[in-house]
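One structure is given below, encoded as structure tokens.
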Amino acid sequence: MAKKDRYQNRVELLQGTLDLLILQTLQWGPRHGYGITQAIKTRSADALQVDTGSLYPALHRLERAGVIAAEWSTSANNQQVRVYRLTPAGKRQLLAERSRWEQLSAAIAGVLAPDAIEEG
Amino acid sequence: MKILWRHFTRRRDRELDDELQAHLRMAIADRIDRGETPEEAAAAARREFGNVGLVREVARDMWGWGWLERLVRDVQYAFRSLRHNRVYACAAIATLALGIGATTAIFTLVNSFLLRPLPVRDPARLVGVREEGRAGPSVMASWVPAIVWEQIRDRPQLFESACASSPVGRLNTADRGEADWAESFSASGNFFDNLGVSAILGRTFSTADDKRGGGPDGPVAVISHAYWQRRFGGAADVIGRSLSINRVAYTIVGVTAPNFFGPTVGRSFDVAVPLLGSSRATVSILARLRPGQTAASATAALRAAQPQIREAALAAMRAEGAPARVVAEMSKTFLRGPLSATPAAVGVSDQQDSFERPLVAMLMLALLVLLIACANVANLVLGRAAARRHEMSVRRALGASRLRLARQVLVESLLLSSVGAALGFLFARSFSRILVRQASTEVNPLFLDLSLDWRVLAFTAAATVGTALLFGLVPALRAARVQPADALKEGGRGHACERRWGLNQLLVVGQVGFSVVLVVAAGLFVRTFARLATMDVGFDRERTVIVSLNTQDARVPAASRPAFYERIRQAVAAVPGADGAVTLLSVPASQDHWIANVRVGGQTPPAFDPKLGPFLNAVGPGYFSTFGAPILAGRGFDQRDGRGSPLVAVVNETFARVFIRGRNPVGESLTFAADGEERAAGAVAPSDSPPFQVVGLAKDSGSATNYALRDGIPPTVYFCIAQMDPAITNFTPPPAFRIGVRVTSASTLREVAAAVTRVEPQLRMIARPMSGYIDRNLVSERLAAVLSTLFGSLALVLAGVGIFGVTAYAVARRRPEIGIRIALGASPATVLRTVLQGIVIVVAVGIAIGGVVSWWLSRLVAALLFGLEPRDPATFAGAAIVLTAVALAAGWLPARRATRIDPVSVLRSK
């Protein structure tokens, strides 16, 4: 009964990329939790569907770390929703994570490059 | 606090709930927009959402307070489970309270005596100037001669500032009649300024006051806060009032703050007077180091200046008029040992030095007792854990981690330990006060500031955590090792191998043995003390009272003193209820010390040994009947003996045995040789005395002088007090004398005091029963008896609890077996026997080992005993019986519970 299995997303994300996605989404403007999942879903053409079991823990963790800030406000439909936005520290973290991601993907691409595959 | 916490967490929970609900609603709304029906939308959205409760929990966890909530829940659970097992909880808490309490109490004493700095300004920079003794640097005299102090005072380059003080002891502050004693010390002018102690009323000493005859305000005194409250009722106008000290009028100029008790730890003070010393007084020097100066550099500076100090001091002595021969004699040993400046944040005190080792030894002993207490509680906890194995394995099966289970056990241990420590702390406060009171005597009172100190609290906290870890760790580890599958196994039978001599049994053997040693010690010391305290000294200790009188102020000339004594005696004898009034000089059975070298007949006396005496006393007629020494041959003193009649003496049996060797002493003639040592106030024999004729032989009894009860009765020679006339006997009657009288009650005593004051109001008077004098000899015996009883009882209780724990554990483990036996028809007696069999053997081994160890150790205390052989069989047998009784009582309760085991439930659970 391993604890770590609980938050498996439908598509396995490398650890830490969820944070990156959330921060990037918020870069485009403050959103509430549902809005964040919808934005990620739309932008990734339905490939990435973040379920709430991962999203909310991540949102609260980031909030506690001071990377994002939250407040209650009224939505268009007159509902009380908790809206998250990026803090200056969050912007710095986003830049750092983006550059790390780019380094990582370049590294992986280098390994997978066609001329590295030896044809028998 | 809890309400705020709950409020805060609930609000957070509600917000999270709202947030998740909002998310769900929006998801459903979107689906409906896309064309699903409301029911389909709701179902699909919920499915996609996942487990709301789980999400909520994990999100809450992110806030990081989860560990605190779990801890609180653990504590609540531990509390509940302890409440359901009251006996176990009480046994564990009581054991811990005793162990931690005893240790904390002794640590409080150690702290107040040895660790706590004086309540002065910046005590870390104080040093004491001491001289190393000939035995080496470890033996340092706390005192230096006052004349050395004067030299150090005149050399300001050695320290930033230096001051001196000297304990004067008790001063009489009554201006007439019965003496009113105040503890005091004398201090140099800058004493209070050097230490940074200020006055809450008035002022403290200045250097101007430190002169012979007093400074500008005349002789001044500073009183302590406690004395101000006690004697003057805290009156605001006490400054400027006059206080009579030894019949000299001093002016009170200041009252010190409540927390200042004087320069020496272990003593308190009432009055401080200026140090108008004679050069023969010794003082203790406290100096303040300059900023940046270390004790080592101060020592170096002192030693560099030492030769000059020595020379200057010797020169000053000569200048004051000391004879050249004496100075030359002194210079051989004067200030030969190197001076040192030692850190004196806790002050300089002779009591500290003498109490240091015994206190530390007691602390070690108390820590040992604490360890045993922990072992006991560990046993108890293990026993409980064995009973809870089923529950633990079920929890494991449900998913609790090992860490969780271990943490639960540790929290429970910590809870037990905290409650025990809290109780023990309260117990320690009164216990330490009792110890100080027991160690304090009238002559040598012990005063310690026992107020709360952070060190004591820290010690208690450390003891709490330490003990919790000690006894909780093994059970916690064992709990963690429980397998989930155990819950499914049959009966929870436990480990197959039941070791006969496992750790538990050895622990019990050790405890029982230790208790036997302590109980034997207690028995020996208590019996010794009882024998001494009730020993027949020939007279009633409480009823026979000594009234001590000093005629110094009444200025009675030496020649008329005997007649004066007689007048006072008649006044006392006239008081109804007082009988047997007799005059005497030395108090019997006390430490009064008047000896001389005696020649019997014409023979040469044996070589004079101050320890052998003989001891002298000058008494009036009737002494021998009042003090229980019937005359065995010849006669006592009577009216015939006075001025002009032949000089007579009475001796006791020991004297006759040692000095007259078998012959009838009556008729022998005694002369006192001049080369003996004379030590009695005012009695001087410049040459051989005229011969005294022995007219009577008195029985050996407590009427002898310098008799300490433990040792044999010393040889004593009694003179007739009426014959003490310098013209006749060369013995000068001293100004201080005593009247011994038997009184029926305290009011009679008051009437006696009144009668004496009527005759001569200028007499200084103290009345004290003989028991007061005799008790002074018994202080260490009493202390030993009290301490050994306390520790012995402690060890007994702990051993009892230990045996209880082990037996309960054994019963819990063997529950199925016992149930089956009962089902098969075993009687309760048989079950009792089965359960107790194991423990009885263990206890017997413990008693045997303890007996052997005390047998071997008892010869070490032989010197401290009286009237008992160190291997007194009665004491040993008594100890064995006590231990057996305690063991049986302790094992009986769980054994009885074993007989009540319901065989049906045992069979069912298999």
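The values are calculated or read from the model by the stated rules, or taken from the named source; none is laboratory data. This is a predicted model, so every value here is computed, not measured. Note that we place each Cβ from the backbone using ideal geometry, even for glycine, and neighbour counts take in every protein chain shown.
Using beta carbons and a limit of 6 Å, which pairs, at least six apart or on different chains, have the first residue in the range B:197-224 and free of Cβ contacts under 8 Å to residues at least 40 places away in the same chain and the second one part of a strand (DSSP E or B) and surrounded by fewer than 19 Cβ atoms within 10 Å (Cβ to Cβ)?
Here the result reads B:Ala208/B:Gly215; B:Asp217/B:Thr251; B:Gly218/B:Thr251, each pair linking the range B:197-224 to a residue that is part of a strand (DSSP E or B) and surrounded by fewer than 19 Cβ atoms within 10 Å (Cβ to Cβ).
Filter the range B:231-270 for residues that are within 25 Å of the chain's Cα centre (by Cα) and either modelled with pLDDT of 85 or more or outside any strand (DSSP E or B) (or both) and give the result. Show your work before the answer.
Narrowing the range B:231-270 to residues within 25 Å of the chain's Cα centre (by Cα): B:258-270.
If the condition is that a residue be within 25 Å of the chain's Cα centre (by Cα) and either modelled with pLDDT of 85 or more or outside any strand (DSSP E or B) (or both), then B:Pro258, B:Asn259, B:Phe260, B:Phe261, B:Gly262, B:Pro263, B:Thr264, B:Val265, B:Arg267, B:Ser268, B:Phe269, B:Asp270 are the ones that fit.
Within the range B:805-825, which residues are closer than 18 Å to B:Gly99 by Cβ and either among the small types (Gly, Ala, Ser) or modelled with pLDDT of 85 or more (or both)?
Passing the criteria: only B:Gly805.
Looking at A:Ala96, A:Ala39, A:Ala109, can you tell me which residue is more than 9 Å from chain B (Cβ to nearest Cβ) and over 15 Å from the mean Cα position of the chain (by Cα)? Outline the logic, then answer.
Numbers: A:Ala96 fails: over 15 Å from the mean Cα position of the chain (by Cα); A:Ala39 fails: over 15 Å from the mean Cα position of the chain (by Cα).
Matching residue, one of A:Ala96, A:Ala39, A:Ala109: A:Ala109.
I'm trying to understand the selection: among the residues of the range B:24-33, which are at the interface with another protein chain (Cβ under 10 Å from one of its Cβ atoms) and either over 17 Å from A:Leu59 (Cβ atoms) or touching a residue at least 24 places away in the same chain (Cβ under 8 Å) (or both)? Steps first, answer last, please.
Of the residues in the range B:24-33, the ones at the interface with another protein chain (Cβ under 10 Å from one of its Cβ atoms) are B:24-27, B:29-30.
Listed by number, the residues that qualify are B:Leu24, B:Arg25, B:Ala29, B:Asp30.
Listed here are the residues, each with its yes/no results for (1) among the basic types (Lys, Arg); (2) more than 37 Å from the chain's Cα centre (by Cα); (3) more than 14 Å from chain A (Cβ to nearest Cβ); (4) surrounded by 23 or more Cβ atoms within 10 Å (Cβ to Cβ).
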site	(1), (2), (3), (4)
B:Glu356	no, no, yes, no
B:Leu367	no, no, yes, no
B:Ala397	no, yes, no, no
B:Glu412	no, no, yes, yes
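Out of B:Arg859, B:Arg833, B:Arg782, B:Arg776, which single residue is under 30 Å from B:Ile713 (Cα atoms) and either without any contact (Cβ under 8 Å) to a residue 60 or more places away in the chain or touching a Cys at 6+ places or on another chain (Cβ under 6 Å) (or both)?
Details: B:Arg833 fails: under 30 Å from B:Ile713 (Cα atoms); B:Arg782 fails: either without any contact (Cβ under 8 Å) to a residue 60 or more places away in the chain or touching a Cys at 6+ places or on another chain (Cβ under 6 Å) (or both); B:Arg776 fails: either without any contact (Cβ under 8 Å) to a residue 60 or more places away in the chain or touching a Cys at 6+ places or on another chain (Cβ under 6 Å) (or both).
Result of the check over B:Arg859, B:Arg833, B:Arg782, B:Arg776: B:Arg859.
Quick one: would you say A:Leu26 is in contact with a Leu (Cβ under 8 Å, 6 or more places away or on another chain), away from chain B (no Cβ under 13 Å) and at pLDDT 90 or above?
yes
Taking the range B:146-155 only, how many residues are farther than 16 Å from B:Glu131 by Cα and in contact with a strand residue (DSSP E or B) (Cβ under 8 Å, 6 or more places away or on another chain)?
Here is the first cut: in the range B:146-155, the ones farther than 16 Å from B:Glu131 by Cα are B:153-155.
The next check asks that each one be in contact with a strand residue (DSSP E or B) (Cβ under 8 Å, 6 or more places away or on another chain); those that pass are B:153.
Of the residues in that region, 1 qualify.
Considering only residues that are within 18 Å of B:Arg25 (Cα to Cα) and crowded, with 17+ Cβ neighbours inside 10 Å, look in the range A:44-65 and name the one that is farthest from the other protein chains (Cβ to nearest Cβ).
Out of the qualifying residues, it is A:Val50.
Tell me, please, whether a residue that is in contact (Cβ under 8 Å) with a residue 24 or more places away in the chain and more than 21 Å from B:Leu796 (Cα to Cα) can be found in the range B:842-853.
Step one: filter the range B:842-853 for residues in contact (Cβ under 8 Å) with a residue 24 or more places away in the chain, giving B:842-843, B:845-847, B:849-851, B:853.
Checking which are more than 21 Å from B:Leu796 (Cα to Cα) leaves us with none.
No, the range B:842-853 has no match at all.
Looking only at the range A:66-88, count how many residues are within 11 Å of chain B (Cβ to nearest Cβ), aliphatic (A, V, I, L, M) and surrounded by 14 or more Cβ atoms within 10 Å (Cβ to Cβ).
3
Out of the residues in the range B:840-866 that are among the small types (Gly, Ala, Ser) and touching a Leu at 6+ places or on another chain (Cβ under 8 Å), state the one that is surrounded by the fewest Cβ atoms within 10 Å (Cβ to Cβ). Steps first, answer last, please.
Here is the first cut: in the range B:840-866, the ones among the small types (Gly, Ala, Ser) are B:844, B:846, B:848, B:850-851, B:854, B:858, B:862-863.
Add one more test, that the residue is touching a Leu at 6+ places or on another chain (Cβ under 8 Å), and what stays is B:846, B:850, B:858.
On the way: B:Gly846: 26, B:Gly850: 27, B:Ser858: 21.
Here the residue is B:Ser858.
Of everything in the range A:31-64 that's among the small types (Gly, Ala, Ser) and modelled with pLDDT of 85 or more, which residue is nearest to B:Arg56 (Cα to Cα)?
A:Ala58
Taking B:Pro665 and the conditions (1) in contact (Cβ under 8 Å) with a residue 60 or more places away in the chain; (2) in contact with a helix residue (DSSP H, G or I) (Cβ under 7 Å, 6 or more places away or on another chain); (3) over 24 Å from B:Arg738 (Cβ atoms), which numbered condition does it fall short on, given that it satisfies the others?
It fails just one condition, (1).
If I filter the range B:496-516 down to residues being of a type in the set (A, V, I, L, M) and farther than 12 Å from B:Thr875 by Cβ, which single residue comes out as modelled with the lowest pLDDT? Working first, answer last.
Taking the range B:496-516 and keeping what is of a type in the set (A, V, I, L, M), we get B:496, B:503, B:506-509, B:512, B:516.
Subsequent filtering for residues that are farther than 12 Å from B:Thr875 by Cβ retains B:496, B:503, B:506-509, B:512.
On the way: B:Ala496: 39, B:Leu503: 71, B:Leu506: 79, B:Leu507: 77, B:Val508: 82, B:Val509: 85, B:Val512: 87.
Looking at residues that are of a type in the set (A, V, I, L, M) and farther than 12 Å from B:Thr875 by Cβ, I get B:Ala496.
Residues that are among the β-branched types (Val, Ile, Thr) and modelled with pLDDT under 85: which strands (runs of 3 or more DSSP E) entirely in the range B:558-662 hold 2 or more of them? Walk me through how you get there before you give the answer.
On the way: elements: B:579-584, B:597-600, B:615-619, B:631-634, B:648-652.
Because the criterion is at least 2 residues that are among the β-branched types (Val, Ile, Thr) and modelled with pLDDT under 85, the strands (runs of 3 or more DSSP E) in the range B:558-662 that meet it are B:597-600.
Can you work out which of the residues in the range B:42-52 that are in a helix (DSSP H, G or I) and within 14 Å of another protein chain (Cβ to nearest Cβ) is surrounded by the fewest Cβ atoms within 10 Å (Cβ to Cβ)? Talk me through it step by step, then tell me what you get.
Quick first cut of the range B:42-52, residues in a helix (DSSP H, G or I) only: B:42-49, B:52.
Filter once more, so that each one left must be within 14 Å of another protein chain (Cβ to nearest Cβ): B:44-49, B:52.
Values: B:Ala44: 14, B:Ala45: 20, B:Arg46: 14, B:Arg47: 8, B:Glu48: 14, B:Phe49: 17, B:Val52: 15.
Here the answer is B:Arg47.
Within 14 Å of chain A (Cβ to nearest Cβ), among the charged types (D, E, K, R), surrounded by 14 or more Cβ atoms within 10 Å (Cβ to Cβ) and part of a helix (DSSP H, G or I), is that true of B:Arg11?
Values: within 14 Å of chain A (Cβ to nearest Cβ): yes; among the charged types (D, E, K, R): yes; surrounded by 14 or more Cβ atoms within 10 Å (Cβ to Cβ): no; part of a helix (DSSP H, G or I): yes.
So B:Arg11 does not fit the description; no.
Return the residues of the range B:451-486 that are outside any helix (DSSP H, G or I) and touching a Ser or Thr at 6+ places or on another chain (Cβ under 6 Å); say none if nothing qualifies. Working first, answer last.
Within the range B:451-486, the subset outside any helix (DSSP H, G or I) is B:451-453, B:481-483.
Within the range B:451-486, B:Val482 is the sole residue that qualifies.
Residue by residue, here is whether (1) in a helix (DSSP H, G or I); (2) at pLDDT 80 or above; (3) surrounded by 16 or more Cβ atoms within 10 Å (Cβ to Cβ) holds:
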position: B:Ala328; (1), (2), (3): yes, no, no
position: B:Thr333; (1), (2), (3): no, no, no
position: B:Val348; (1), (2), (3): no, no, yes
position: B:Gln352; (1), (2), (3): yes, no, yes
position: B:Ala361; (1), (2), (3): yes, no, no
position: B:Val377; (1), (2), (3): yes, yes, yes
position: B:Gly383; (1), (2), (3): yes, no, yes
position: B:Ser393; (1), (2), (3): yes, yes, yes
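Just a yes or no: is a residue in the range B:62-79 over 30 Å from B:Gly420 (Cα atoms), within 14 Å of chain A (Cβ to nearest Cβ) and part of a helix (DSSP H, G or I)? Show your work before the answer.
To start, the set of residues in the range B:62-79 that are over 30 Å from B:Gly420 (Cα atoms) comprises B:62-64.
Narrowing the set further to residues that are within 14 Å of chain A (Cβ to nearest Cβ) leaves B:62-64.
Going one step further and asking which of them are part of a helix (DSSP H, G or I), we end up with B:62.
Looking through the range B:62-79, at least one residue is over 30 Å from B:Gly420 (Cα atoms), within 14 Å of chain A (Cβ to nearest Cβ) and part of a helix (DSSP H, G or I).
Of the conditions (1) assigned to a helix (DSSP H, G or I); (2) over 23 Å from B:Gln408 (Cβ atoms); (3) more than 10 Å from chain A (Cβ to nearest Cβ), B:Glu36 satisfies every one except a single condition; which number is it?
(1)
Listed residues B:Ala272, B:Ala316; which is surrounded by fewer than 17 Cβ atoms within 10 Å (Cβ to Cβ) and either over 13 Å from B:Val129 (Cα atoms) or touching a Gly at 6+ places or on another chain (Cβ under 7 Å) (or both)?
Working: B:Ala272 fails: surrounded by fewer than 17 Cβ atoms within 10 Å (Cβ to Cβ).
Selected residue: B:Ala316, the only one of B:Ala272, B:Ala316 that is surrounded by fewer than 17 Cβ atoms within 10 Å (Cβ to Cβ) and either over 13 Å from B:Val129 (Cα atoms) or touching a Gly at 6+ places or on another chain (Cβ under 7 Å) (or both).
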